[in-house]
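One structure below.
The values are calculated or read from the model by the stated rules, or taken from the named source; none is laboratory data. Just so it is clear, the model here is predicted, and its values are computed rather than measured. Note that each Cβ is placed from the backbone with ideal geometry, even for glycine, and that neighbours are counted across all protein chains shown. These area figures cover heavy atoms from the full protein model, side chains too; ligands, DNA and RNA do not enter into them. Shrake-Rupley method; radii C 1.70, N 1.55, O 1.52, S 1.80 Å.
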Amino acid sequence: MNENVSDACTGAVETNVGENGGPVEGDVKYFTLEEIGAHNMSSDTWLVIHDKVYDITRFLEEHPGGEEVLLEQAGGDATESFEDVGHSTDAREMLQQYLIGEVHMDDRRKDSAKKEVQTDPKETSSWTTWLIPALIATIVGIMCRYYMFDHKSS
C-alpha cells in the first residue's frame, strides 16, 4: 500500500505516500477534510475526534446511542459532540480500534492545541458525587425535624 517515492532530480528526498496520496509518517496516515467529508454514509462512515480520523462503519449498529447520532456527525469533526456526551474511559479506549489516521496538518483547527480530556478511573469522584447525596440527606433531615415538631405540638 505504501510506496517510497524518491525525487529523481536530487535522489536525496524520500517521502512515504499512502493509498490516498497523502503523506505517511511511520504508521500514521493523513487525510484532508475534503477526503473525510466524502465518507458520510451509513455504508462508509468516518469521524474526526481530536484531529484523529476514525472509520466507525462497523460500530454504527453497536453504538448505545443509536446510529443516527453518529450519522449526523459523519464525515466531519465530532469532537465537541463526543466530549459533550461525556464518554467513559472504556468508550475512549474502544475508539482506538477504529483509528485509521489523522487530519492533515493544513486542515487542523487552530484551537485544537487543547489537550484531550483524559479520565482517570481513580479520579472519577467529582463534586456531584458527594454534593447531591448531601443535599438529599439535608432535605430529608429538615423534613423529619419539621414533621416531628409539628406532630408533637398538635
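Worth pointing out:
- Cβ-Cβ distance of Glu34 and Leu99, R₀ of 22 Å, FRET efficiency by 1/(1 + (r/R0)^6): the value works out to about 0.65.
- Each listed q (0.13, 0.17, 0.18, 0.21 Å⁻¹) maps to a log10 I(q)/I(0) for region 25-114 from the Debye sum over equal C-alpha point scatterers, namely -0.39, -0.68, -0.77, -1.06.
- With contacts taken as Cα pairs under 8 Å at a separation of at least 6 residues, region 25-114 carries a relative contact order of 41 percent.
- Scanning residues 5 or more positions from Thr32 or on other chains, those with amide H under 5 Å from its amide H are His104, with H placed 1.01 Å from N in the peptide plane.
- When the solvent-accessible area of region 40-101 is split by element, carbon and sulfur atoms take up 48 percent of it, the probe being 1.4 Å.
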